[in-house]
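The structure under discussion appears below in the form of C-alpha coordinates.
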Amino acid sequence: MHPFALERPRDLRSALALRAQAGRNDIATEYLGGGTDMVQLLQENVRSPERLVSLGSVLDKRIEASPQGLRIGGGATMAETAAHPEVATRFPLIAQALLASASPQVRNQATMGGNLLQRTRCPYFRDTGYSACNKRKPGSGCAAIGGENRWHAVLGGSEHCIAVHPSDLAVALVALDATVHVQGLSGERAVALADFHRLPGSTPHIEAELRPGEAVTAISVPEHPVNRRAHYLKVRDRASFEFAVVSAAVALDLQDGGRIREARVALGGVGTKPWRLPKVEAALAGAGLQRDALRRAAALAAQGAQGRGHNDFKIELMQRAIVRAVEAAGGVA
Ligand SMILES: Cc1cc2nc3c(=O)[nH]c(=O)nc-3n(C[C@H](O)[C@H](O)[C@H](O)COP(=O)(O)OP(=O)(O)OC[C@H]3O[C@@H](n4cnc5c(N)ncnc54)[C@H](O)[C@@H]3O)c2cc1C
Ligand code: SF4
(Lines give C-alpha, C1' and ligand atoms only; values in the text may rest on other atoms or scores of the structure.)
(Ligands and ions follow the chains in the order given, each with its own letter.)
Protein backbone atom coordinates (compact mmCIF):
# COMPACT_ATOMS: atom_id res chain seq x y z
CA MET A 1 0.00 0.00 0.00
CA HIS A 2 1.24 3.45 -0.91
CA PRO A 3 1.85 5.54 2.24
CA PHE A 4 -0.60 8.40 2.80
CA ALA A 5 -1.35 11.12 5.34
CA LEU A 6 -4.70 10.85 7.13
CA GLU A 7 -6.30 14.22 7.89
CA ARG A 8 -9.02 14.42 10.53
CA PRO A 9 -10.43 17.94 10.13
CA ARG A 10 -12.43 19.54 12.95
CA ASP A 11 -15.29 20.74 10.76
CA LEU A 12 -16.67 20.43 7.25
CA ARG A 13 -15.18 23.70 6.02
CA SER A 14 -11.69 22.54 7.03
CA ALA A 15 -12.33 19.24 5.23
CA LEU A 16 -13.43 21.06 2.08
CA ALA A 17 -10.35 23.25 2.22
CA LEU A 18 -8.10 20.21 2.45
CA ARG A 19 -9.61 18.49 -0.51
CA ALA A 20 -8.73 19.73 -3.98
CA GLN A 21 -10.55 17.75 -6.67
CA ALA A 22 -13.29 15.35 -5.57
CA GLY A 23 -15.12 13.31 -8.21
CA ARG A 24 -12.05 12.62 -10.34
CA ASN A 25 -9.57 9.83 -9.97
CA ASP A 26 -6.45 11.59 -11.23
CA ILE A 27 -5.64 13.46 -8.04
CA ALA A 28 -3.54 12.97 -4.92
CA THR A 29 -6.07 13.87 -2.19
CA GLU A 30 -9.33 12.01 -1.64
CA TYR A 31 -12.17 11.93 0.86
CA LEU A 32 -12.67 9.04 3.23
CA GLY A 33 -16.16 8.12 4.44
CA GLY A 34 -16.52 4.81 6.27
CA GLY A 35 -13.55 3.45 4.31
CA THR A 36 -15.20 0.16 3.33
CA ASP A 37 -14.47 0.66 -0.35
CA MET A 38 -11.51 3.00 -0.14
CA VAL A 39 -9.43 0.71 2.08
CA GLN A 40 -9.84 -2.18 -0.39
CA LEU A 41 -8.68 0.08 -3.21
CA LEU A 42 -5.67 1.24 -1.19
CA GLN A 43 -4.74 -2.33 -0.29
CA GLU A 44 -4.85 -3.38 -3.94
CA ASN A 45 -2.93 -0.26 -5.03
CA VAL A 46 -5.81 0.73 -7.29
CA ARG A 47 -5.80 4.12 -5.55
CA SER A 48 -2.68 5.71 -4.16
CA PRO A 49 -3.53 9.16 -2.83
CA GLU A 50 -0.92 11.13 -0.91
CA ARG A 51 -3.58 12.30 1.52
CA LEU A 52 -6.98 11.14 2.77
CA VAL A 53 -9.39 13.61 4.32
CA SER A 54 -11.71 11.87 6.76
CA LEU A 55 -15.31 13.05 6.71
CA GLY A 56 -16.32 10.68 9.51
CA SER A 57 -16.73 13.21 12.29
CA VAL A 58 -17.67 16.28 10.26
CA LEU A 59 -20.62 15.15 8.12
CA ASP A 60 -24.23 15.41 9.23
CA LYS A 61 -25.53 12.00 10.36
CA ARG A 62 -29.15 12.97 11.04
CA ILE A 63 -32.08 11.19 9.38
CA GLU A 64 -35.19 13.38 9.36
CA ALA A 65 -38.64 12.66 7.97
CA SER A 66 -41.27 15.38 7.50
CA PRO A 67 -44.57 15.63 5.58
CA GLN A 68 -42.47 16.89 2.63
CA GLY A 69 -40.19 13.86 2.56
CA LEU A 70 -36.93 12.47 3.88
CA ARG A 71 -33.51 14.01 4.45
CA ILE A 72 -30.51 11.81 5.21
CA GLY A 73 -27.17 13.27 6.28
CA GLY A 74 -24.26 12.15 4.12
CA GLY A 75 -22.51 10.72 7.19
CA ALA A 76 -25.40 8.49 8.30
CA THR A 77 -24.49 4.84 7.96
CA MET A 78 -26.31 2.39 5.72
CA ALA A 79 -27.38 0.42 8.82
CA GLU A 80 -28.75 3.47 10.67
CA THR A 81 -30.72 4.50 7.59
CA ALA A 82 -32.18 1.05 6.92
CA ALA A 83 -33.23 0.70 10.57
CA HIS A 84 -34.85 4.13 10.86
CA PRO A 85 -38.59 3.55 11.46
CA GLU A 86 -39.72 6.31 9.05
CA VAL A 87 -37.46 4.96 6.31
CA ALA A 88 -38.74 1.44 6.82
CA THR A 89 -42.42 2.43 6.72
CA ARG A 90 -42.58 5.45 4.41
CA PHE A 91 -39.62 4.70 2.10
CA PRO A 92 -39.40 0.87 2.11
CA LEU A 93 -37.59 0.78 -1.26
CA ILE A 94 -34.59 2.49 0.37
CA ALA A 95 -34.59 0.16 3.37
CA GLN A 96 -34.92 -2.91 1.14
CA ALA A 97 -32.08 -1.85 -1.16
CA LEU A 98 -29.80 -1.13 1.79
CA LEU A 99 -30.59 -4.43 3.52
CA ALA A 100 -29.86 -6.28 0.27
CA SER A 101 -26.40 -4.64 0.16
CA ALA A 102 -23.10 -5.97 1.48
CA SER A 103 -23.12 -7.40 5.04
CA PRO A 104 -24.20 -6.11 8.47
CA GLN A 105 -20.56 -5.29 9.29
CA VAL A 106 -20.11 -3.24 6.11
CA ARG A 107 -23.47 -1.51 6.57
CA ASN A 108 -22.53 -0.51 10.12
CA GLN A 109 -19.45 1.29 8.83
CA ALA A 110 -20.36 2.55 5.35
CA THR A 111 -21.85 6.01 4.90
CA MET A 112 -24.66 7.06 2.61
CA GLY A 113 -22.41 9.55 0.82
CA GLY A 114 -19.69 6.95 0.34
CA ASN A 115 -22.20 4.46 -1.01
CA LEU A 116 -23.13 6.73 -3.91
CA LEU A 117 -19.44 7.25 -4.75
CA GLN A 118 -18.18 3.69 -4.32
CA ARG A 119 -16.12 2.55 -7.30
CA THR A 120 -17.07 -0.12 -9.81
CA ARG A 121 -16.55 -3.82 -9.11
CA CYS A 122 -15.21 -4.40 -12.65
CA PRO A 123 -12.44 -6.95 -11.99
CA TYR A 124 -10.11 -5.27 -14.49
CA PHE A 125 -10.45 -1.99 -12.61
CA ARG A 126 -9.72 -3.67 -9.28
CA ASP A 127 -6.72 -5.73 -10.43
CA THR A 128 -3.69 -3.65 -11.37
CA GLY A 129 -2.24 -6.73 -13.07
CA TYR A 130 -4.41 -5.71 -16.04
CA SER A 131 -2.91 -2.74 -17.83
CA ALA A 132 -5.97 -1.76 -19.91
CA CYS A 133 -8.58 0.10 -17.89
CA ASN A 134 -9.64 3.58 -18.93
CA LYS A 135 -11.31 4.19 -15.60
CA ARG A 136 -8.19 3.41 -13.57
CA LYS A 137 -5.69 4.68 -16.12
CA PRO A 138 -7.26 7.06 -18.69
CA GLY A 139 -6.31 6.23 -22.27
CA SER A 140 -5.13 2.69 -21.52
CA GLY A 141 -8.08 0.88 -23.15
CA CYS A 142 -10.80 -1.39 -21.79
CA ALA A 143 -9.99 -5.01 -21.02
CA ALA A 144 -13.65 -5.89 -20.44
CA ILE A 145 -14.72 -5.19 -24.02
CA GLY A 146 -13.59 -8.37 -25.71
CA GLY A 147 -12.68 -9.88 -22.34
CA GLU A 148 -14.76 -11.54 -19.62
CA ASN A 149 -17.80 -9.31 -19.34
CA ARG A 150 -20.49 -11.31 -17.57
CA TRP A 151 -20.76 -8.61 -14.85
CA HIS A 152 -20.79 -5.66 -17.21
CA ALA A 153 -23.34 -3.19 -18.50
CA VAL A 154 -25.78 -3.65 -21.36
CA LEU A 155 -27.11 -0.09 -21.03
CA GLY A 156 -25.15 3.17 -21.17
CA GLY A 157 -21.78 1.72 -22.16
CA SER A 158 -19.31 3.35 -24.52
CA GLU A 159 -16.33 2.03 -26.45
CA HIS A 160 -14.23 3.29 -23.53
CA CYS A 161 -15.97 1.60 -20.60
CA ILE A 162 -18.85 -0.79 -19.88
CA ALA A 163 -18.50 -1.00 -16.10
CA VAL A 164 -21.69 -1.31 -14.05
CA HIS A 165 -22.43 1.14 -11.28
CA PRO A 166 -22.49 -1.09 -8.18
CA SER A 167 -24.73 0.73 -5.69
CA ASP A 168 -28.10 -0.82 -4.79
CA LEU A 169 -29.06 2.29 -2.84
CA ALA A 170 -28.63 4.54 -5.89
CA VAL A 171 -31.07 2.40 -7.91
CA ALA A 172 -33.77 2.85 -5.25
CA LEU A 173 -33.02 6.56 -4.93
CA VAL A 174 -33.19 7.26 -8.66
CA ALA A 175 -36.61 5.59 -8.79
CA LEU A 176 -37.82 7.88 -6.00
CA ASP A 177 -36.60 11.12 -7.63
CA ALA A 178 -33.98 11.72 -4.93
CA THR A 179 -31.68 14.72 -4.81
CA VAL A 180 -28.01 14.74 -3.79
CA HIS A 181 -26.86 17.77 -1.79
CA VAL A 182 -23.22 18.68 -2.22
CA GLN A 183 -21.04 21.33 -0.66
CA GLY A 184 -17.77 22.93 -1.71
CA LEU A 185 -15.85 25.95 -0.54
CA SER A 186 -17.95 28.17 -2.80
CA GLY A 187 -21.27 26.96 -1.37
CA GLU A 188 -23.97 24.30 -1.51
CA ARG A 189 -25.94 23.00 -4.45
CA ALA A 190 -28.43 20.26 -5.21
CA VAL A 191 -28.13 17.72 -8.06
CA ALA A 192 -30.91 15.34 -9.08
CA LEU A 193 -29.67 11.82 -8.45
CA ALA A 194 -30.62 11.01 -12.05
CA ASP A 195 -27.94 13.49 -13.15
CA PHE A 196 -25.40 12.81 -10.40
CA HIS A 197 -23.70 9.75 -11.93
CA ARG A 198 -22.18 10.29 -15.36
CA LEU A 199 -22.26 8.07 -18.40
CA PRO A 200 -18.71 6.91 -19.22
CA GLY A 201 -18.47 8.43 -22.70
CA SER A 202 -14.80 9.07 -23.43
CA THR A 203 -13.99 10.01 -19.79
CA PRO A 204 -15.01 7.03 -17.65
CA HIS A 205 -12.62 8.10 -14.88
CA ILE A 206 -14.92 11.05 -14.12
CA GLU A 207 -17.87 9.35 -12.48
CA ALA A 208 -19.96 11.99 -10.72
CA GLU A 209 -21.18 15.53 -11.24
CA LEU A 210 -18.97 16.91 -8.49
CA ARG A 211 -16.96 20.08 -8.83
CA PRO A 212 -13.42 20.13 -7.48
CA GLY A 213 -13.44 19.67 -3.71
CA GLU A 214 -17.18 19.10 -3.28
CA ALA A 215 -18.46 16.52 -0.78
CA VAL A 216 -21.84 14.83 -0.58
CA THR A 217 -23.50 16.27 2.52
CA ALA A 218 -27.07 14.92 2.30
CA ILE A 219 -29.65 13.04 0.26
CA SER A 220 -33.31 14.05 0.10
CA VAL A 221 -36.34 12.19 -1.18
CA PRO A 222 -39.69 13.90 -1.80
CA GLU A 223 -42.93 12.59 -0.35
CA HIS A 224 -45.00 10.92 -3.09
CA PRO A 225 -47.88 8.40 -3.28
CA VAL A 226 -45.60 5.76 -4.88
CA ASN A 227 -43.20 5.67 -1.93
CA ARG A 228 -45.03 3.23 0.32
CA ARG A 229 -45.82 0.43 -2.16
CA ALA A 230 -42.45 -0.71 -3.42
CA HIS A 231 -40.21 -3.68 -4.03
CA TYR A 232 -36.46 -4.04 -4.56
CA LEU A 233 -35.65 -7.30 -6.34
CA LYS A 234 -31.99 -8.27 -6.41
CA VAL A 235 -30.79 -11.19 -8.52
CA ARG A 236 -27.30 -12.26 -7.47
CA ASP A 237 -24.98 -15.24 -7.62
CA ARG A 238 -25.44 -16.06 -3.93
CA ALA A 239 -28.11 -15.12 -1.44
CA SER A 240 -26.15 -12.56 0.57
CA PHE A 241 -22.95 -10.53 0.60
CA GLU A 242 -22.98 -10.22 -3.17
CA PHE A 243 -23.45 -7.47 -5.74
CA ALA A 244 -26.39 -7.52 -8.14
CA VAL A 245 -26.26 -9.38 -11.42
CA VAL A 246 -29.53 -7.58 -12.13
CA SER A 247 -31.76 -5.61 -9.77
CA ALA A 248 -35.11 -3.90 -10.23
CA ALA A 249 -36.48 -1.12 -8.04
CA VAL A 250 -40.22 -0.60 -8.44
CA ALA A 251 -42.60 1.78 -6.66
CA LEU A 252 -46.30 1.91 -7.46
CA ASP A 253 -49.35 4.05 -6.87
CA LEU A 254 -52.41 1.84 -7.45
CA GLN A 255 -55.99 2.87 -8.18
CA ASP A 256 -58.95 1.20 -6.52
CA GLY A 257 -59.33 -2.08 -8.39
CA GLY A 258 -55.61 -2.56 -8.71
CA ARG A 259 -54.75 -0.70 -11.90
CA ILE A 260 -51.48 1.21 -11.85
CA ARG A 261 -51.92 4.96 -11.55
CA GLU A 262 -48.18 5.69 -11.57
CA ALA A 263 -45.09 3.51 -11.63
CA ARG A 264 -41.43 4.15 -10.99
CA VAL A 265 -38.94 1.63 -12.35
CA ALA A 266 -35.14 1.58 -12.22
CA LEU A 267 -32.54 -1.10 -12.84
CA GLY A 268 -29.21 -1.98 -11.27
CA GLY A 269 -26.50 -4.36 -12.43
CA VAL A 270 -27.13 -3.56 -16.09
CA GLY A 271 -26.30 0.11 -16.51
CA THR A 272 -23.16 2.22 -16.32
CA LYS A 273 -25.21 4.36 -13.94
CA PRO A 274 -28.41 3.71 -11.95
CA TRP A 275 -30.88 3.24 -14.79
CA ARG A 276 -34.35 4.79 -14.67
CA LEU A 277 -36.86 3.58 -17.28
CA PRO A 278 -39.38 6.31 -18.21
CA LYS A 279 -40.76 4.39 -21.21
CA VAL A 280 -41.52 1.36 -19.06
CA GLU A 281 -43.13 3.63 -16.47
CA ALA A 282 -45.33 5.26 -19.15
CA ALA A 283 -46.41 1.85 -20.45
CA LEU A 284 -47.30 0.69 -16.94
CA ALA A 285 -49.43 3.75 -16.17
CA GLY A 286 -53.07 2.69 -16.50
CA ALA A 287 -52.20 -1.00 -16.90
CA GLY A 288 -53.46 -3.83 -14.72
CA LEU A 289 -51.17 -6.27 -12.96
CA GLN A 290 -51.70 -9.11 -15.45
CA ARG A 291 -48.47 -10.77 -16.53
CA ASP A 292 -48.95 -10.08 -20.29
CA ALA A 293 -49.31 -6.33 -19.78
CA LEU A 294 -46.33 -6.22 -17.46
CA ARG A 295 -44.23 -8.23 -19.87
CA ARG A 296 -45.07 -5.84 -22.76
CA ALA A 297 -44.08 -2.84 -20.65
CA ALA A 298 -40.89 -4.49 -19.41
CA ALA A 299 -39.81 -5.27 -22.98
CA LEU A 300 -39.27 -1.53 -23.49
CA ALA A 301 -36.34 -1.73 -21.07
CA ALA A 302 -34.38 -3.58 -23.75
CA GLN A 303 -34.48 -0.68 -26.21
CA GLY A 304 -30.89 0.34 -26.85
CA ALA A 305 -29.45 -2.52 -24.80
CA GLN A 306 -26.19 -3.95 -26.12
CA GLY A 307 -24.81 -7.27 -24.96
CA ARG A 308 -21.08 -7.91 -25.17
CA GLY A 309 -21.14 -11.70 -25.23
CA HIS A 310 -21.00 -13.06 -21.71
CA ASN A 311 -23.56 -10.55 -20.44
CA ASP A 312 -26.17 -11.07 -23.19
CA PHE A 313 -28.38 -12.96 -20.73
CA LYS A 314 -28.95 -9.77 -18.72
CA ILE A 315 -31.21 -8.33 -21.44
CA GLU A 316 -33.84 -11.01 -20.86
CA LEU A 317 -33.18 -11.28 -17.12
CA MET A 318 -33.74 -7.56 -16.50
CA GLN A 319 -37.16 -7.72 -18.17
CA ARG A 320 -38.15 -10.66 -16.00
CA ALA A 321 -36.87 -8.86 -12.92
CA ILE A 322 -39.07 -5.86 -13.71
CA VAL A 323 -42.16 -8.07 -14.09
CA ARG A 324 -41.45 -9.87 -10.80
CA ALA A 325 -40.76 -6.64 -8.93
CA VAL A 326 -43.97 -4.99 -10.21
CA GLU A 327 -45.95 -8.08 -9.21
CA ALA A 328 -44.36 -8.07 -5.76
CA ALA A 329 -44.97 -4.35 -5.26
CA GLY A 330 -48.54 -4.79 -6.47
CA GLY A 331 -49.12 -7.67 -4.07
CA VAL A 332 -49.80 -10.31 -6.74
CA ALA A 333 -46.44 -12.16 -6.69
C1 LIG B 1 -17.61 -7.14 0.85
C2 LIG B 1 -18.41 -6.00 0.35
C3 LIG B 1 -19.66 -6.23 -0.23
C4 LIG B 1 -20.41 -5.18 -0.72
N5 LIG B 1 -21.65 -5.41 -1.28
C6 LIG B 1 -22.39 -4.35 -1.71
C7 LIG B 1 -23.68 -4.54 -2.28
O8 LIG B 1 -24.18 -5.67 -2.39
N9 LIG B 1 -24.36 -3.44 -2.70
C10 LIG B 1 -23.86 -2.18 -2.59
O11 LIG B 1 -24.54 -1.21 -2.96
N12 LIG B 1 -22.64 -1.97 -2.07
C13 LIG B 1 -21.90 -3.02 -1.64
N14 LIG B 1 -20.67 -2.81 -1.12
C15 LIG B 1 -20.08 -1.49 -1.20
C16 LIG B 1 -20.38 -0.67 0.04
O17 LIG B 1 -21.75 -0.34 0.06
C18 LIG B 1 -19.48 0.56 -0.08
O19 LIG B 1 -18.16 0.14 0.16
C20 LIG B 1 -19.86 1.64 0.90
O21 LIG B 1 -21.19 2.05 0.74
C22 LIG B 1 -18.94 2.83 0.74
O23 LIG B 1 -19.21 3.75 1.77
P24 LIG B 1 -18.01 4.27 2.68
O25 LIG B 1 -18.58 5.33 3.55
O26 LIG B 1 -17.31 3.15 3.35
O27 LIG B 1 -17.12 4.93 1.56
P28 LIG B 1 -15.53 5.01 1.41
O29 LIG B 1 -14.98 3.67 1.15
O30 LIG B 1 -14.96 5.78 2.54
O31 LIG B 1 -15.45 5.92 0.11
C32 LIG B 1 -15.93 5.46 -1.14
C33 LIG B 1 -15.66 6.57 -2.17
O34 LIG B 1 -16.49 7.69 -1.91
C35 LIG B 1 -15.74 8.87 -1.66
N36 LIG B 1 -16.48 9.53 -0.60
C37 LIG B 1 -16.89 8.98 0.57
N38 LIG B 1 -17.71 9.81 1.22
C39 LIG B 1 -17.82 10.92 0.45
C40 LIG B 1 -18.57 12.14 0.57
N41 LIG B 1 -19.40 12.37 1.58
N42 LIG B 1 -18.44 13.06 -0.40
C43 LIG B 1 -17.62 12.85 -1.47
N44 LIG B 1 -16.90 11.71 -1.63
C45 LIG B 1 -17.03 10.76 -0.69
C46 LIG B 1 -14.35 8.39 -1.31
O47 LIG B 1 -13.37 9.32 -1.68
C48 LIG B 1 -14.25 7.11 -2.13
O49 LIG B 1 -13.88 7.40 -3.46
C50 LIG B 1 -19.90 -3.86 -0.60
C51 LIG B 1 -18.67 -3.61 -0.01
C52 LIG B 1 -17.92 -4.66 0.47
C53 LIG B 1 -16.60 -4.38 1.12
S1 SF4 C 1 -15.22 -1.68 -18.16
FE2 SF4 C 1 -14.45 0.29 -17.42
S3 SF4 C 1 -13.64 -0.24 -15.41
FE4 SF4 C 1 -13.79 -2.16 -16.56
S5 SF4 C 1 -11.85 -2.46 -17.69
FE6 SF4 C 1 -13.18 -1.35 -19.04
S7 SF4 C 1 -12.63 0.80 -18.65
FE8 SF4 C 1 -11.92 -0.36 -16.88
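Other residues whose C-beta falls under 11 angstrom from the C-beta of residue 244 contribute a net charge of +1, scoring Lys and Arg +1 and Asp and Glu -1. Looking at the chain, the DSSP beta bridges with both ends there are about 85 percent antiparallel. Normalised size of the chain, defined as Cα radius of gyration per 2.2 N^0.38 Å with N residues, equals 0.97. Reachable lysines from residue 137, Cα under 27 Å, same-chain residues fewer than 8 places away excluded? The qualifying lysines are 273. Taking every DSSP helix (H) stretch of at least 4 residues in the chain, weighting each as -39,500 (n - 2.57) and dividing the sum by the residue count yields a mean residue ellipticity at 222 nm of -7000 deg cm²/dmol.
Once all protein chains are placed together, residue 203 keeps about 40 Å² accessible to a 1.4 angstrom probe. Antiparallel beta bridges, as assigned by DSSP with both residues in region 1-80, represent about 35 percent of the total such bridges.
Element breakdown for the chain at a 1.4 angstrom probe: carbon and sulfur atoms account for 49% of the accessible area.
Considering only alpha-carbon pairs that sit under 8 angstrom and 6 or more positions apart, the relative contact order computed for the chain is 17 percent. Strictly greater than 28 Å: what percent of every Cα pair in region 133-287 meets that? Of all Cα-Cα pairs in region 133-287, 29 percent lie more than 28 Å apart. Evaluated at q = 0.12, 0.13, 0.15, 0.19 Å⁻¹, a Debye calculation over the C-alpha positions of region 230-330 (equal weights, vacuum) places log10 I(q)/I(0) at -0.36, -0.42, -0.55, -0.85.
Candidate cross-link partners of residue 279 among the lysines, defined by an alpha-carbon separation under 26 Å and a same-chain spacing of 8 or more, comprise 234, 314. Binning the alpha carbon pair distances of region 1-121 at 5 angstrom intervals from zero yields the distribution 2, 11, 19, 22, 18, 13, 9, 4, 1, 0, expressed in whole percent. Taking amide H as placed 1.01 Å from N in the peptide plane, residue 254 has its amide H under 5 Å from the amide H of 261, each at least 5 places away in sequence or on another chain.
In terms of the mean number of neighbouring beta-carbon atoms within 10 Å, the peptides 266-275, 88-97, 239-248 order highest first as 266-275, 88-97, 239-248.
The values are calculated or read from the model by the stated rules, or taken from the named source; none is laboratory data. Because the structure is predicted, anything quoted here is derived from the model rather than measured. Virtual Cβ from ideal backbone geometry, glycine too; neighbours counted across all protein chains shown. Surface areas here come from the heavy atoms of the whole protein model, side chains and all, with no ligands, DNA or RNA. Shrake-Rupley method; radii C 1.70, N 1.55, O 1.52, S 1.80 Å.
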